[in-house]
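J.: Sharing a structure here in structure tokens format.
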Amino acid sequence: TGQGSDACHSGGMTSHAHDPFACFLARPARYEQDEATPDVRTAIAEAICERAGNQGCRTATDLLAVLERAGLTAAGMSRLTALSDLPAGDLDSATMAAQLGSDALELVQQALDGHLAVSNFENFSSRLANIFAYARDVTGGALADYIPELAKQDPSAFGLAVCTIDGQQAAFGEADTAFCQQSAIKPLIYALAMGLNGENQVHRHVGREPSGRRFNELALDPDNRPHNPMINSGAIMCSAMIRPGLPVADRASLLQRFVGSAAGGSKVGIDQAVYESERGTAKRNLALVKLMDEHDAFPEGVDPAAALDLYFRACAMTMDCRQMAVVAATLANGGVCPTTGHRVIDSRIVRNTLSLMLSCGMYDYSGEYAFTVGLPAKSGVSGGLMIVVPGLGGFGLWSPPLDRQGNPVRGIEVSRLLVESFPFHLFAGVTGS
């Protein structure tokens with residue numbers, strides 16, 4: 001997985017000839033933009049046709065092929081869907097301006113100019129394929145068996161996907177196989193609770209410090225709150241603050257829609273068998289709810305049993321690695337989904353969420369992961385792992401065998417190889433490596 005020669009464009013930043021990925025460290029997120037006027041769209045379309053022609057790209061089919069090599073596909077990005085409807089024959093700027101929004105036009109222009117988050121995406125994908133192949137040979141770990149349905153997973157299953165803040169995507173292995181998210185859903189439970197209640201209200205009832213304890217340990221902080229939203233008690237508390245006046249099914253549907261929006265508008269399911277399995281083996285979580293209830297930790301008027309039920313449904317929500325990577329890229333992009341261009345999460349909420357993922361997202365391996373990998377991440381006992389590279393994109397991974405901390409063994413290896421191969425560690429820039 002040696003470094004490539006031209007995989008990243010500096011976007012006007014200082015050039016780092018020795019390190020083509022160094023510009024990722026200073027790259028700002030790309031936020032949603034207002035729709036341009038028809039005249040502006042026409043000007044962009046004319047520039048696209050000129051650049052495409054200079055690169056030997058004459059037809060819509062040629063253009064789609066160029067974009068696909070850059071990691072952009074109409075199938076994977078709703079804002080590029082209209083590209084597939086362009087008429088056959090030579091590219092026509094007037095037709096393009098009429099059929100494509102300004103966001104799509106600007107993205108196509110960036111791709112032709114080599115100004116995407118990863119300009120040489122083929123090289124980048126090849127290096128990720130090497131990392132995936134290396135990690136696939138890693139053995140060890142065991143399936144989570146305290147939830148019976150998780151013990152039925154295939155230990156050889158392994159998927160990896162990436163999505164950049166510009167919507168460039170690649171996938172490897174079983175990246176299209178849906179799996180229950182378990183604790184990997186906790187950052188989104190927290191983000192939705194924040195969006196509905198505000199920062200002060202949420203953190204009146206849940207802390208933001210690493211607990212130093214097991215994720216399901218019967219312990220509260222000195223203020224009788226869960227230590228943070230990334231452990232079971234904290235996620236149950238955040239679940240309690242998601243529209244508590246509604247029936248649980250409606251609250252779960254709201255969370256599904258929210259997660260689906262962050263995943264590019266795709267459908268997020270619930271694995272009923274996992275949900276039932278969770279409910280049937282809930283003694284520790286029931287004890288956590290009782291502990292919090294005894295200490296009056298819940299907001300006034302909340303039904304703790306309903307909060308726990310919503311939490312179980314959330315853990316049973318299913319996505320595949322591709323969807324998880326888009327969620328990670330939405331967080332990397334300050335809350336704007338790169339495949340749709342829509343803002344899903346307020347940028348301040350994203351900042352808070354990423355901060356807690358960095359400090360608390362990997363169970364009681366969180367400190368070591370922050371030290372060695374230096375990226376916000378969240379794992380789950382089904383083998384899922386979401387990794388965020390702020391300003392660049394995100395990764396979604398699934399590999400069921402877990403280490404003793406409850407993190408996917410192959411996921412830890414992929415994380416190590418990513419920061420060894422690319423300067424993705426948040427503090428790599430201070431060393432120039």
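J.: Just give me the residues in the stretch 303-316 being surrounded by 13 or more Cβ atoms within 10 Å (Cβ to Cβ) and either out of contact with any helix residue (DSSP H, G or I) (no Cβ under 6 Å at 6 or more places or on another chain) or modelled with pLDDT under 95 (or both), in sequence order. So that I can check it myself, show each step before the final result.
T.: Within the stretch 303-316, the first condition is being surrounded by 13 or more Cβ atoms within 10 Å (Cβ to Cβ), and the residues that meet it are 303-304, 306-316.
Residue satisfying the conditions is ASP303 alone.
J.: On to the next question. Output the residue which, of all residues in the stretch 277-299 that are without any contact (Cβ under 8 Å) to a residue 60 or more places away in the chain and open to solvent by 20 Å² or more (accessible area, probe 1.4 Å), is nearest to VAL344 (Cα to Cα).
T.: At the first step, the residues of the stretch 277-299 found to be without any contact (Cβ under 8 Å) to a residue 60 or more places away in the chain are 279, 282-283, 286, 289-290, 293-294.
Okay, now just the ones that are also open to solvent by 20 Å² or more (accessible area, probe 1.4 Å), so 279, 283, 286, 290, 293-294.
Numbers: ARG279: 30, LYS283: 35, LEU286: 32, LYS290: 34, ASP293: 32, GLU294: 36 Å.
Across the stretch 277-299, the extreme among qualifying residues is ARG279.
J.: Count, please, the residues in the stretch 258-276 that happen to be under 18 Å from THR339 (Cα atoms) and surrounded by fewer than 14 Cβ atoms within 10 Å (Cβ to Cβ). Break it down stepwise before answering.
T.: Applying the first criterion (under 18 Å from THR339 (Cα atoms)) to the stretch 258-276 yields 258-268.
Filter once more, so that each one left must be surrounded by fewer than 14 Cβ atoms within 10 Å (Cβ to Cβ): 267.
Residues that pass the stated criteria total 1.
J.: Right, something else. Across the stretch 216-240, what is the number of residues that are among the aliphatic types (A, V, I, L, M) and crowded, with 24+ Cβ neighbours inside 10 Å? Please lay out each step first, then the result.
T.: Step one: of the stretch 216-240, the residues among the aliphatic types (A, V, I, L, M) are 218-220, 230-231, 235-237, 240.
The next check asks that each one be crowded, with 24+ Cβ neighbours inside 10 Å; those that pass are 230-231, 235-237, 240.
Residues that pass the stated criteria total 6.
J.: Next up: Find the helices (runs of 4 or more DSSP H) located wholly in the stretch 34-108 whose residues include 1 or more that are closer than 22 Å to ARG343 by Cβ and open to solvent by 60 Å² or more (accessible area, probe 1.4 Å), and list them.
T.: On the way: elements: 38-54, 60-69, 93-99.
Output list reads 38-54.
J.: Listed residues ALA175, ALA151, ALA191, ALA171; which is within 15 Å of the chain's Cα centre (by Cα) and surrounded by fewer than 22 Cβ atoms within 10 Å (Cβ to Cβ)? Spell out how you get there, then give the answer.
T.: Numbers: ALA175 fails: surrounded by fewer than 22 Cβ atoms within 10 Å (Cβ to Cβ); ALA151 fails: within 15 Å of the chain's Cα centre (by Cα); ALA191 fails: surrounded by fewer than 22 Cβ atoms within 10 Å (Cβ to Cβ).
ALA171 is the lone residue from the list that is within 15 Å of the chain's Cα centre (by Cα) and surrounded by fewer than 22 Cβ atoms within 10 Å (Cβ to Cβ).
J.: Okay, next question. Within the stretch 389-412, does at least one residue satisfy the condition of being among the hydroxyl-bearing types (Ser, Thr, Tyr), out of contact with any Pro (no Cβ under 7 Å at 6 or more places or on another chain) and touching a residue at least 24 places away in the same chain (Cβ under 8 Å)?
T.: Applying the first criterion (among the hydroxyl-bearing types (Ser, Thr, Tyr)) to the stretch 389-412 yields 399.
Next, from what is left, pick out any that are out of contact with any Pro (no Cβ under 7 Å at 6 or more places or on another chain): none.
No, the stretch 389-412 has no match at all.
Residue by residue, here is whether (1) part of a helix (DSSP H, G or I); (2) at pLDDT 95 or above; (3) out of contact with any Lys or Arg (no Cβ under 8 Å at 6 or more places or on another chain) holds:
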position: PHE124; (1), (2), (3): yes, yes, yes
position: LEU128; (1), (2), (3): yes, yes, yes
position: THR139; (1), (2), (3): no, no, yes
position: ALA161; (1), (2), (3): no, yes, no
position: ALA175; (1), (2), (3): no, yes, no
position: ILE185; (1), (2), (3): yes, yes, yes
position: GLN201; (1), (2), (3): yes, yes, yes
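J.: LEU192: modelled with pLDDT of 95 or more and more than 22 Å from GLY361 (Cβ to Cβ), yes or no? Show your work before the answer.
T.: Values: modelled with pLDDT of 95 or more: yes; more than 22 Å from GLY361 (Cβ to Cβ): no.
For LEU192, the condition - modelled with pLDDT of 95 or more and more than 22 Å from GLY361 (Cβ to Cβ) - is not met.
The values are calculated or read from the model by the stated rules, or taken from the named source; none is laboratory data. Please read all numbers here as calculations on a predicted model, not as lab measurements. We place every Cβ from the backbone using ideal geometry, glycine too, and count neighbours over all the protein chains shown. These area figures cover heavy atoms from the full protein model, side chains too; ligands, DNA and RNA do not enter into them. Shrake-Rupley method; radii C 1.70, N 1.55, O 1.52, S 1.80 Å.
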